[in-house]
Each structure stands twice: as structure tokens, then as C-alpha cells.
Amino acid sequence: MSTVLNKTALTEAESSLKQVLQTVGPLIAAQGFQGFWFQGLPSNAREYLEHPGNQGLFAPVWLRRPIASLASSCRIATLQQYYLEHYARSDNNFAESLSADKAWCYRWQEDDPVKILFAKHGYDTVLSFPVPSYANPTWFGRFTLLASGHPKPATERLQQTLILAQSLLFEHDRQRFNPFLQSRIFKANARKVLRMAATGLQNHEISDRLHISVRGVEYHMESMRKKLGASNRANLIHLAHQFELI
């Protein structure tokens, strides 16, 4: 019965998501773009990419995966994944596309393999556009907009359209686009421990409820504290709330 319920819930969620895309797609198309992908990114994603020695929560390899992401069609989802896996590492545009504070129109030389890749799919303009999440400064959404020809430039109207589109996507399922959740930095059991700690339970109480050893609880807490750079238990819980992990 549980499996049937889970499949039903998944089907309903996907159906609801299609309805959101049917609303968002025409809004973006009206600005001259034939397709897009949307992705949640950590606010300091570019720093993670350019300074891999200070990887923090995100190693560069995580940034070249289509996590916390949604494409306007299956065809564009395939293009996104292929670009990230095979071209992003050597494409100078990729670092620019991770900036939280500016839009970026991809620039290529005539024989650039990335330009050829997008041209094969019918696109000669790629515009990466960030949309801040004012409710949470730790991560933001970014649209990669695809067009054939030359659409309208990045205007205030386009920005307002993308802000509306992002709000509709977040209203549908905000957790889907949280990169800290979707990258699975913390396993499910670790997050259970953290949620219980946030309610004020002590380690031995968490141990009893989850049927794991106290040492296991301590391991999870210490591992999460190090990953988030927390100074103590209270700071760990505070940061977990900031990253929307609990």
C-alpha cells in the first residue's frame, strides 16, 4: 500500500509540475526565448568553482551536475546534462554563469565547440540570468535561457518575468531547487538527527528514538558541524535553518 501511495504522490507531483511549466514556459517565450533550464545554486558557487582548494560544501564536480534543476523539455534537459558533463569544464562562460549578481550572455569564437553544440540544437543565443532569493541569501535561482536569433536584451521586463517564474516554481516545490538538499551533502539519517537536535533533544534521547548508538548520533553531529563550519551545536542548528536543511 505504501508503494502505491508513493507512486500516486509522485505522479500527482509530476502532473502539478507540468502545469507550472505550462504557465512559466509561455511567459518566457513571450520574451523571445524558445526554452530554458532553471537551477538552484549556492550563492558563492563561483568561488567554489574557482578556488577548489577551499571547496567548502561544494566541490566543483557538484556544480557540473544538473542537481536542483528543471528544464522546459526533455530535449533541453538532455542538452543541459551533456553540456555540464562534457563542455562546462573548458567553457569560460560557465564560471560567469555561476555569478549570483549579474546576467551573462554566452560569448564564443566562431569555431568554439560549445557554440557548435548549441547550434546543433537550434540555439545561437544563451543568456544566463540570476534571480535572487530575498528570503534566503545562501542560495539563489538562475535561468539559462535559449534562443534562436537575437531575442530582446536583458531588460527590467525580462527580470520581472523571471522573478514571477521563479516564484511559481518555488511555490510548487521549493525544496526541489535547494542545492544544499539536492546535492545530498547530508544523508537522510544525519538530517533526522539534526531535526531532532533542533527540537531540543539530547544525544541519548535521539539515540533511543532512532535506535542508533549515542556514538552514531555524535558522529552525525560532528560530521555536519565540520561540513557547515559551525562553532558549536547551537550554531550548527542555526546554519541548518539558514540552508533550509531542516
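Quick check, is residue 239 under 27 Å from residue 95 (Cα atoms), crowded, with 16+ Cβ neighbours inside 10 Å, touching a helix residue (DSSP H, G or I) at 6+ places or on another chain (Cβ under 8 Å) and not assigned by the TED database to the domain that holds residue 118? Spelling it out, residue 239 is indeed under 27 Å from residue 95 (Cα atoms), crowded, with 16+ Cβ neighbours inside 10 Å, touching a helix residue (DSSP H, G or I) at 6+ places or on another chain (Cβ under 8 Å) and not assigned by the TED database to the domain that holds residue 118.
Summed over segment 93-136, the residues that are open to solvent by less than 20 Å² (accessible area, probe 1.4 Å) and basic (Lys, Arg) give a count of 0.
Could you name every one of the helices (runs of 4 or more DSSP H) located completely within segment 146-238 that has at least 3 residues being without any contact (Cβ under 8 Å) to a residue 40 or more places away in the chain and touching a Phe, Trp or Tyr at 6+ places or on another chain (Cβ under 9 Å)? Hits in segment 146-238: 214-228. For the condition modelled with pLDDT under 95 and within 30 Å of residue 230 (Cβ to Cβ), residue 26 does not qualify. Taking (1) in a helix (DSSP H, G or I); (2) in contact with a Phe, Trp or Tyr (Cβ under 6 Å, 6 or more places away or on another chain) in turn, residue 133 satisfies each apart from (1). A count restricted to segment 58-76 and to residues that are of a type outside the set (Ser, Thr, Tyr) and under 23 Å from residue 120 (Cβ atoms) stands at 8.
Candidates 184, 215: the one that is surrounded by fewer than 14 Cβ atoms within 10 Å (Cβ to Cβ), at positive phi and charged (D, E, K, R) is 184.
Restricted to segment 45-72, and to residues there that are part of a loop (DSSP other than H, G, I, E, B) and modelled with pLDDT under 90, the residue that is least open to solvent (accessible area, probe 1.4 Å) is 58.
The values are calculated or read from the model by the stated rules, or taken from the named source; none is laboratory data. Computed from a predicted structure; not experimentally measured. We place every Cβ from the backbone using ideal geometry, glycine too, and count neighbours over all the protein chains shown. Note: areas computed on protein heavy atoms with side chains; ligands, DNA, RNA excluded. Shrake-Rupley method; radii C 1.70, N 1.55, O 1.52, S 1.80 Å.
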